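Step one of this worksheet: look at the structure below.
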Amino acid sequence: MSRRIFRYVPFTITQDPTAEPTYEAECVSGEEKECGEKSDEWLTPHPVEVWMREHTKNTGHRRFRRSFRDYAQMEAQLPTGTVKASVR
């Protein structure tokens, strides 16, 4: 079996379909000090939006830092006819 070494292999970054993304928000309202109250982490954005509305209704705070977290995977784009090897 012949062995090929590719010095520069292009990679594509894709979202890992086996792991669900999460959403959350943190209140950053405040002049001298940020409020800092945080929502729970959810699998959809809707509960986070509900939390933000409730927090605004209760406190008057209107500025939030929203976070979306997911898992990414790197996929090597090897030339046709090559065998994928494990990347370490």
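Side notes on the structure shown:
- Model label sites at M74 and T12, defined 7 Å from Cα along the beta-carbon direction, differ in position by 1.7 nm.
- Within the accessible area of the range 11-71 (1.4 Å probe), percent carbon and sulfur: 47 percent
- Anisotropy class of the range 7-58 from Cα gyration tensor, a/c 1.5 cut: oblate
The values are calculated or read from the model by the stated rules, or taken from the named source; none is laboratory data. What you see is a predicted model; the values in this text were computed from it and never measured. Virtual Cβ from ideal backbone geometry, glycine too; neighbours counted across all protein chains shown. Note: areas computed on protein heavy atoms with side chains; ligands, DNA, RNA excluded. Shrake-Rupley method; radii C 1.70, N 1.55, O 1.52, S 1.80 Å.
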